[in-house]
Amino acid sequence: LEEGTTVPFLQDLGVMTAEGKIVRTKFDKFRQINRFLEFIEDILPQLDRDKEVTILDFGCGKSYLTFAMYYYLHELKQIDVRIIGLDLKKEVIRHCNELSEKYGYKKAEVFWRGNIADYTGVNEVDMVVTLHACDTATDFALAKAVGWNAKVIFSVPCCQHELNRQIKNETLAPILKYGLIKERLAALVTDAMRAEYLEGQGYDAQILEFIDMEHTPKNILIRAVKSGNQKRMGRNWRPASSF
């Protein structure tokens, strides 16, 4: 997305002025949106343009990136796309639906208030996006994506508490006694295990820097593309969702 080109949803979200200028205090958010769209541009060849492309956004929140995906794919790339957003907050869902109707985003109006693990609204999904889903909500989203045989998965994990509570190692005990170090190590190990799990399910997985560390410490993005080549796991292997 280019500064100077008026984008209605960016105005309503407070990122852009009516003249198309980026609000100074929101420039980091604008960069984050464009960075994410760059990742999506890389996987466009994986999407079947001969049919409706279904994207499910777990934990869509205020939908900065949900609307950005729709605008980029539908308006700029002319791809027939349907985006379903899922979030637990009733007020957030109501606001997102109002904005979607206002913009005329006819296939981005489906925002559900519900739990990731319980969602059964679709049978097949082309792309699953889960950004900052807290703790094991990310694992539930990844498991859902694998179950739907999604072609592409984007995940920016957040708040990896589950492994942090369980991780123990005598050799590393002198290091793990420092709470901050233990927290960061647990987060890195958790995300590595998630990537390994996806590779074991037939995906080519990458762990990438989403945005500069100076803007947010939650800057790891897991990008997985279905390849069909399953990586063999050790006999004691358990996926991240089974911690």
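Across the range 141-156, the qualifying residues are those that are open to solvent by less than 10 Å² (accessible area, probe 1.4 Å) and closer than 13 Å to ILE116 by Cβ, and the one among them that is modelled with the lowest pLDDT is ALA141. In the set (1) surrounded by 16 or more Cβ atoms within 10 Å (Cβ to Cβ); (2) among the small types (Gly, Ala, Ser); (3) modelled with pLDDT of 90 or more, ALA192 fails one condition alone, (1). Scanning the range 10-27 for residues that are more than 24 Å from GLU109 (Cβ to Cβ), open to solvent by 60 Å² or more (accessible area, probe 1.4 Å) and either touching a residue at least 12 places away in the same chain (Cβ under 8 Å) or in a loop (DSSP other than H, G, I, E, B) (or both) yields a total of 4.
If I filter the range 109-131 for residues that are free of Cβ contacts under 8 Å to residues at least 24 places away in the same chain, out of contact with any strand residue (DSSP E or B) (no Cβ under 8 Å at 6 or more places or on another chain) and farther than 30 Å from PRO45 by Cα, do I get at least one hit? Taking every residue of the range 109-131 in turn, at least one turns out to be free of Cβ contacts under 8 Å to residues at least 24 places away in the same chain, out of contact with any strand residue (DSSP E or B) (no Cβ under 8 Å at 6 or more places or on another chain) and farther than 30 Å from PRO45 by Cα. Residues in the range 146-203 that are closer than 25 Å to PHE36 by Cα and polar (S, T, N, Q): ASN149, SER155, GLN160, THR190, GLN201.
The rows are residues; the columns are (1) in a helix (DSSP H, G or I); (2) within 24 Å of THR6 (Cα to Cα); (3) open to solvent by 10 Å² or more (accessible area, probe 1.4 Å); (4) touching a residue at least 24 places away in the same chain (Cβ under 8 Å).
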| position | (1), (2), (3), (4) |
| --- | --- |
| GLU38 | yes, yes, yes, no |
| ARG49 | no, no, yes, yes |
| THR54 | no, no, yes, yes |
| TYR70 | yes, yes, no, yes |
| HIS74 | yes, yes, yes, yes |
| ILE83 | no, yes, no, yes |
| LEU86 | no, no, no, yes |
| GLU98 | yes, yes, yes, no |
| LYS107 | no, yes, yes, yes |
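The helices (runs of 4 or more DSSP H) falling completely within the range 142-205 that include 3 or more residues that are free of Cβ contacts under 8 Å to residues at least 60 places away in the same chain and touching a helix residue (DSSP H, G or I) at 6+ places or on another chain (Cβ under 9 Å) map to 161-166, 179-200. Quick check, is PHE30 in contact with a Lys or Arg (Cβ under 7 Å, 6 or more places away or on another chain) and open to solvent by less than 70 Å² (accessible area, probe 1.4 Å)? For PHE30, the condition - in contact with a Lys or Arg (Cβ under 7 Å, 6 or more places away or on another chain) and open to solvent by less than 70 Å² (accessible area, probe 1.4 Å) - is not met. In the condition set (1) closer than 23 Å to ASN219 by Cα; (2) of a type outside the set (A, V, I, L, M); (3) surrounded by 15 or more Cβ atoms within 10 Å (Cβ to Cβ), GLN201 is compliant with all but (1).
The values are calculated or read from the model by the stated rules, or taken from the named source; none is laboratory data. The structure displayed is predicted, hence computed values, not measured ones. Positions of Cβ are backbone-derived with ideal geometry, glycine not excepted, and every protein chain shown enters the neighbour counts. Each accessible area value is taken on the protein alone, full model and side chains, heavy atoms only, with ligands, DNA and RNA left out. Shrake-Rupley method; radii C 1.70, N 1.55, O 1.52, S 1.80 Å.
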